[in-house]
Amino acid sequence: MRKLLKQYALVLWLSLILIAGFGSTAAVGYLAARDAIQQGTAEQALPLTGDFVYSAIQKDLLRPLIVSAQMAQDSFVRDWLLNGELDQEQIVKYLREVRQKTNAVSSYLVSDLSRNYYYANGILKTVSETDPRDQWYYRVRQIKSAYETKADLDQANRDNLTIFVNYRIQDYEGKFIGVTGIGFTVDTLKRLIDSYQQRFHRGISFVDSKGGVILSGNGRLKVADNIQALPGLKALAATILANKKSESLHLEYKTETDDVLVDARYLPELGWHLLVEQESGGDLKPVQDVFWLNLAIGGAITLATSILLLTSVRRYLRRIEQSAATDALTTLLNRQAFDFVFQQALLDTERSRQPLCVVLVDIDFFKKINDKQGHLIGDHVLREIAMIAKRSLRESDVICRWGGEEFLILLKNCTLEKATSIAETLRGTIAANDFSRTTSLAKTRLAVTVSMGVAQCKDNESEDSVFERAEVALHQAKENGRNSVYFSE
Ligand code: GH3
Ligand code: MG
Ligand code: MG
């Protein structure tokens, strides 16, 4: 395991470096994008949404304000009040016409002298200081400004939140003589909030001066909630409600799951506060997606690189191992590798008491082949003899390139007699082979013969001794005319 780790340490390190590189690049990119988005949200997007909503409200409020102002300053209205409210049908008709023309839900006039509440269908009631529902009138009576806008539940149209513009009527000397105005629903406002919420994924709500939620899209805040009691937001409630200036406040609070950015501004026309909220993680989804995608691509590249590197390192290592053990020309085992195999075979023989033989093979007059036909043909002959030998031996037998044009064959579990016979067969095969058939270099038939010396390992005999005996036998073969097999007794 340690060896393996050592061999593949390079691959491991490279993978770690790649992973670290890809990971940190993705993380840095993600953090930079997140900061930019959060800053953009807090400083631009939320205030802009606030501005949009605010200007839309102002536009919606402006027309009712003008209409109410015209009603309060209409000389017909003032004269009718000053002349003792004689023909009530006239004022009712007037109120009905205003309501129709302006599309308002109600139009009304309260006379300070008679305390009659006139509306489009006649006299609704007489306002009384003791009736809580008439408190609005006594409040408007006291105010310094010319009008007030007030959100209230319409008594005639109960479920609808209605905004009333209560305008003070004064006579020609400036004396207060009554209140007139129209009421209109906030349906358009509600629709506006919903559409903004859908488009920008932001919570938009209106809160009254006591913190009660009056209008809200389907965001975090619900109608009838009070921001002074909501977890997280309650810490900011005092700041939000105390703000009576026109600038907006940029605030932030935490819930259990999220950080929420808030843009809060005061709407003096209504006495309300407009809150635009956004979870700071809300817009981060695409950035997070890109982060994970980057990480996945980085992982895939790392994996592919590691696999490629691993396979080439493996192939390289295997090639090194092989080239250390094999002969490049014939791909047979080389002498060093053979030594190891031979030692193992000797031990096996001692244990199993099976005979073990060696055959030394030397090509006859090889120098001549080299000299006459050239080294390339010489190489070709070496390769082909190696191949013929490999083909004619058993799987368990081992053959190696012993020296220049000498081969050594190890025959396991094989008597001297059998080994000599195998050697003889091999000699015959080689002698009968036309070496020119498998190469384009030789023009005419090319015959090559070999001489062999065979020896069987004796009990406790040394390696050198066996080889020496095989060499002696080979010498005999050479001396006695070559192309023959001799064995050592
Ligand atoms: P003999 O063994 O029959 O007595 O004669 P020989 O000509 O084979 O004599 P010797 O064994 O002395 O010659 C060996 C020659 O083999 C010398 C060398 O140039 C050649 N030789 C050794 N290795 C290679 C090789 O890898 N390629 C080629 N082409 N020739 C080689
Ligand atoms: Mg030789
Ligand atoms: Mg030779």
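The values are calculated or read from the model by the stated rules, or taken from the named source; none is laboratory data. What you see is a predicted model, and the numbers here were worked out from it, not measured in a lab. Methodologically, a virtual Cβ is constructed for each residue, glycine included, from the backbone with ideal geometry; neighbour enumeration extends over all protein chains shown.
Below are the figures for this structure:
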read-out: Of residues in region 346-366 being away from ligand 1 (no atom under 16 Å from the Cβ) and among the β-branched types (V, I, T), the one farthest from the chain's Cα centre (by Cα); value: V358
read-out: Pair list, Cβ under 9 Å, 6 or more apart: region 123-138 residue farther than 19 Å from K150 by Cα, other residue surrounded by 12 or more Cβ atoms within 10 Å (Cβ to Cβ) and of a type in the set (V, I, T); value: I123/V92
read-out: Given (1) among the charged types (D, E, K, R); (2) over 30 Å from A151 (Cα atoms); (3) surrounded by 12 or more Cβ atoms within 10 Å (Cβ to Cβ), index of the condition R2 fails; value: (3)
read-out: Sole residue being farther than 27 Å from G378 by Cα, outside the structural domain of Q456 (by TED's automatic domain parsing) and among the hydrophobic types (A, V, I, L, M, F, W, C), chosen from L329, L310; value: L310
read-out: Residue that is of a type in the set (A, V, I, L, M) and free of Cβ contacts under 8 Å to residues at least 40 places away in the same chain, where the choices are L410, L393, L360; value: L393
read-out: Enumeration of residues in region 359-374 that are away from ligand 2 (no atom under 16 Å from the Cβ) and crowded, with 17+ Cβ neighbours inside 10 Å; value: Q373
read-out: Among residues of region 436-462, those that are outside any loop (DSSP other than H, G, I, E, B) and not β-branched (V, I, T), counted; value: 5
read-out: Cβ pairs under 8 Å, 6+ apart, first in region 256-281 and under 13 Å from L61 (Cβ atoms), second of a type in the set (S, T, Y) and surrounded by fewer than 17 Cβ atoms within 10 Å (Cβ to Cβ); value: P268/S246; G271/S209; W272/S209
read-out: Unmet criterion (only one of (1) farther than 16 Å from V361 by Cβ; (2) assigned to a loop (DSSP other than H, G, I, E, B)) for S465; value: (2)
read-out: Single residue of region 406-426 satisfying the filter (within 16 Å of ligand 1 (Cβ to nearest atom) and either buried (at least 20 other Cβ atoms within 10 Å of the Cβ) or of a type in the set (F, W, Y) (or both)) that is nearest to A470 (Cα to Cα); value: L408
read-out: Within region 1-94, helices (runs of 4 or more DSSP H) holding 3 or more residues that are at negative phi and modelled with pLDDT under 90; value: 2-7, 9-40, 46-73
read-out: Single match in E471, E395, E384, E463 (criterion: within 16 Å of ligand 3 (Cβ to nearest atom) and either among the polar types (S, T, N, Q) or under 20 Å from V341 (Cα atoms) (or both)); value: E471
read-out: Criterion: aromatic (F, W, Y) and either in contact with a Pro (Cβ under 9 Å, 6 or more places away or on another chain) or exposed (fewer than 15 other Cβ atoms within 10 Å of the Cβ) (or both) - qualifying residue of Y117, Y138; value: Y138
read-out: Qualifying positions in region 340-363 - away from ligand 3 (no atom under 16 Å from the Cβ) and within 28 Å of E479 (Cβ to Cβ); value: F342, P355, L356, C357, V358
read-out: Positions within region 162-176 being over 14 Å from S68 (Cβ atoms) and either of a type in the set (K, R) or buried (at least 17 other Cβ atoms within 10 Å of the Cβ) (or both), in sequence order; value: K175
read-out: Counted residues, region 377-393 - those being within 59 Å of the chain's Cα centre (by Cα) and either at pLDDT below 90 or more than 16 Å from ligand 1 (Cβ to nearest atom) (or both); value: 2
read-out: Selection status of G212, in contact with a helix residue (DSSP H, G or I) (Cβ under 9 Å, 6 or more places away or on another chain) and either loosely packed, with under 15 Cβ neighbours inside 10 Å or free of Cβ contacts under 8 Å to residues at least 40 places away in the same chain (or both); value: no
read-out: Exclusive hit being modelled with pLDDT under 85 and among the hydrophobic types (A, V, I, L, M, F, W, C), set F184, F206; value: F184
read-out: Pick from region 236-274, criterion surrounded by 13 or more Cβ atoms within 10 Å (Cβ to Cβ) and among the small types (G, A, S), ranking: farthest from S195 (Cα to Cα); value: A237
read-out: Sole residue being within 30 Å of N460 (Cα to Cα) and away from ligand 2 (no atom under 16 Å from the Cβ), chosen from L356, L317; value: L356
read-out: Matching strands (runs of 3 or more DSSP E) fully within region 213-296 where at least 1 residues are among the small types (G, A, S) and at pLDDT 85 or above; value: 259-267
read-out: Output for region 283-306, where each listed residue is farther than 19 Å from G23 by Cβ and surrounded by fewer than 18 Cβ atoms within 10 Å (Cβ to Cβ); value: K285, P286
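Conditions tested, residue by residue: (1) within 16 Å of ligand 1 (Cβ to nearest atom); (2) among the charged types (D, E, K, R).
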position	(1), (2)
L303	no, no
L310	no, no
I320	no, no
L332	yes, no
R335	yes, yes
H375	yes, no
